[in-house]
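> For reference, the structure I am asking about is given below.
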Amino acid sequence: MNVLLFRPRPDKETIGLQNVMICEPLELEYISANIEALGHTCTIVDMIIEKKNVPYFVKLYNPDVVGITGYISHVNIMKRYAKEAKEVNENIVTIIGGVHAEVNPGDFESPYVDYIIRANGIRTFIDILNKLEKNKEKTGGEIKKDEKETSEIIGEEDEIECIYVPGKKPPKKDTTFNYLYPDRDKVNKYRSKYYYMFHRNCTLIKTSFGCPYNCKFCFCRQIMDDQYFARDLEDIVAELETIPETEIYIVDDDFLVGRERILKFCDLLEQKGIEKKYLIYGRADYVAANEDVIKRFKEVGLRAVIVGLESCDSRQLDDYNKRTNVEINEKAVGILKKYDVECYGTFILGLDWTKADFNALHKWIKKLGLVFVNLQPLTPLRGTDIYEKYKPRFIVREDEYEKWDLAHLVVRPDNISVRKYYWYTMVLYYKITANPVSGWYMVKKYGLHDTLKLSFGAVAVNNQYWKKLIEGERCRKN
Ligand code: SF4
């Protein structure tokens with residue numbers, strides 16, 4: 001089969017992290033490696049970087065199958081891509097995957113979407129291709145795409161286990177990961193464009209799935225049905241040895257799980273002589289309780305940790321079931337600073353906040369000397385524990401997926417207007433990042449070129465916030 005995989009470009013309405021980071025489509029690289037090993041051919045098109053449209057690529061590559069991945073903010077775009085592919089050639093089979101499809105597959109129902117992957121993406125993609133191949137044999141060359149039609153041809157025993165079927169119980173997620181390494185060469189032509197803030201040409205690797213914690217707002221838990229498992233360390237290190245780039249972004253929901261595991265990882269890096277720089281996600285309580293591990297990891301390349309600090313108020317941390325407190329957060333930031341490991345702090349802005357709360361957070365961030373922060377209004381994504389509670393107060397329709405980007409305010413705030421909420425968020429960003437001290441820190445540490453590049457990206461995001469501010473309540477389409 002000839003397979004064409006698309007990574008979508010976000011809608012212009014989506015407040016864009018793509019202005020400060022573009023990362024490789026790792027999940028598509030996995031699909032590519034594992035289907036090409038079975039004799040299929042595969043091309044990946046990264047629409048964030050490409051300038052041409054979907055029909056152009058469909059005509060160029062003439063695929064049998066088009067696969068599209070993405071997040072919640074891409075739902076409408078992914079469905080549109082499927083439609084555009086079918087408009088070029090109605091016999092193309094379209095497959096939708098990604099984390100949002102796994103948790104909320106019904107959102108992708110469309111006459112232009114043939115299969116929605118409900119779980120175990122790589123295995124299920126292969127199952128679909130196998131089924132299509134069988135149909136091709138039975139029909140003498142025609143690739144059957146209609147589910148009812150195909151099951152009549154090849155029989156119920158060939159039903160694909162993990163595709164979405166309305167009303168059917170969700171399948172169980174795998175807790176092992178035994179696949180070929182991603183085919184990173186497939187995106188070689190885009191490679192120089194991939195970066196995460198100051199981490200240029202950074203390469204992604206996934207070493208574990210799920211998270212052992214259960215913060216109430218977190219969507220990551222839903223993706224793995226609250227299960228957690230990690231790959232074998234030797235296998236991870238062997239994969240790292242295949243990567244020529246120096247900057248590595250470990251995209252686990254939480255890489256810092258287990259003292260002995262991380263120390264062994266560091267030992268293996270040293271034994272194998274692997275010299276790279278690592279950007280990871282980690283919890284504040286781990287950092288606070290394991291200073292020696294951070295020190296050791298720094299020696300073998302730890303460069304930055306994205307820490308979900310979430311709040312400077314312990315009561316809010318309890319509300320979120322974060323299982324940390326303000327003292328732990330402060331200790332963690334202090335330890336990272338001590339070992340010159342950059343801390344990217346992510347925060348959740350409460351929906352009951354007033355100006356005083358925004359000011360209190362600024363005071364706390366200033367006290368800790370944090371320069372890089374991501375501020376997100378509490379967003380009750382469908383599938384999380386807090387969704388039902390806030391649903392009656394949504395000010396953004398659920399099918400306006402492009403606005404569910406963790407930057408738009410989707411719930412009416414309790415105490416201030418939507419405009420004020422956006423304004424205080426912008427002011428907080430300005431105070432933290434757009435000041436001479438932060439600017440000088442970035443130039444000194446990362447150079448003028450990269451600081452300017454990040455600043456341009458920040459200006460683009462800022463312009464999107466201004467638009468929201470001007471729209472105010474009008475951001476709701478009725
Ligand atoms: S917020 Fe982080 S620690 Fe909490 S459940 Fe999600 S991934 Fe795990």
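> Within segment 350-377, which residues are part of a strand (DSSP E or B) and within 26 Å of residue 297 (Cβ to Cβ)? Spell out the reasoning first.
Of the residues in segment 350-377, the ones part of a strand (DSSP E or B) are 372-377.
The answer is 372, 373, 374.
> Could you list, in sequence order, all residues of segment 173-193 that are assigned to a loop (DSSP other than H, G, I, E, B), surrounded by 14 or more Cβ atoms within 10 Å (Cβ to Cβ) and either at pLDDT below 95 or in contact with a Pro (Cβ under 8 Å, 6 or more places away or on another chain) (or both)?
173, 174, 177, listed by residue number.
> What about residue 332, is it open to solvent by 10 Å² or more (accessible area, probe 1.4 Å), among the hydrophobic types (A, V, I, L, M, F, W, C) and either closer than 28 Å to residue 287 by Cα or out of contact with any Pro (no Cβ under 9 Å at 6 or more places or on another chain) (or both)?
Numbers: open to solvent by 10 Å² or more (accessible area, probe 1.4 Å): no; among the hydrophobic types (A, V, I, L, M, F, W, C): yes; either closer than 28 Å to residue 287 by Cα or out of contact with any Pro (no Cβ under 9 Å at 6 or more places or on another chain) (or both): yes.
No, not satisfied.
> Would you call residue 74 outside the structural domain of residue 404 (by TED's automatic domain parsing) and under 15 Å from the mean Cα position of the chain (by Cα)?
Numbers: outside the structural domain of residue 404 (by TED's automatic domain parsing): yes; under 15 Å from the mean Cα position of the chain (by Cα): yes.
Yes, satisfied.
> Can you find even one residue in segment 436-454 that is under 21 Å from residue 379 (Cβ atoms) and small (Gly, Ala, Ser)? Please lay out each step first, then the result.
Within segment 436-454, the first condition is being under 21 Å from residue 379 (Cβ atoms), and the residues that meet it are none.
No; the residues of segment 436-454 include none that is under 21 Å from residue 379 (Cβ atoms) and small (Gly, Ala, Ser).
> If I ask for residues that are open to solvent by less than 30 Å² (accessible area, probe 1.4 Å) and either part of a loop (DSSP other than H, G, I, E, B) or more than 19 Å from residue 143 (Cα to Cα) (or both), which ones from segment 86-101 would you list? Please lay out each step first, then the result.
In the first step, residues of segment 86-101 are kept if they are open to solvent by less than 30 Å² (accessible area, probe 1.4 Å); the result is 86, 92-98, 100-101.
Selection gives 92, 97, 98, 100, 101.
> Is it the case that segment 226-234 has a residue that's open to solvent by less than 30 Å² (accessible area, probe 1.4 Å) and more than 16 Å from the ligand (Cβ to nearest atom)?
Yes, the conditions are met somewhere in segment 226-234.
> Something else now. Could you count how many residues in segment 397-415 are crowded, with 19+ Cβ neighbours inside 10 Å and part of a loop (DSSP other than H, G, I, E, B)? Can you show your working first?
Kept after step one, since they are crowded, with 19+ Cβ neighbours inside 10 Å, are these residues of segment 397-415: 400-411, 413.
Checking the rest, the ones that are also part of a loop (DSSP other than H, G, I, E, B) come to 400, 404-410, 413.
The total comes to 9.
> Another question, then. Please determine whether any residue of segment 261-270 is in contact with a Gly (Cβ under 8 Å, 6 or more places away or on another chain) and of a type in the set (Asp, Glu).
If we filter segment 261-270 for residues that are in contact with a Gly (Cβ under 8 Å, 6 or more places away or on another chain), which is where we start, we get 269.
Checking the rest, the ones that are also of a type in the set (Asp, Glu) come to none.
Scanning segment 261-270, I find no residue that is in contact with a Gly (Cβ under 8 Å, 6 or more places away or on another chain) and of a type in the set (Asp, Glu), so the answer is no.
> List the number of the failed condition for residue 222; all other conditions in (1) assigned to a helix (DSSP H, G or I); (2) open to solvent by 60 Å² or more (accessible area, probe 1.4 Å) hold.
All conditions pass for residue 222, except number (2).
The values are calculated or read from the model by the stated rules, or taken from the named source; none is laboratory data. Remember, predicted model here, so these are calculated numbers, not experimental data. Heads up, the Cβs are rebuilt from the backbone with ideal geometry, glycines too, and the neighbour counts pull from every protein chain shown. In case anyone asks, the SASA skips ligands and DNA or RNA and just uses the protein heavy atoms, side chains included. Shrake-Rupley method; radii C 1.70, N 1.55, O 1.52, S 1.80 Å.
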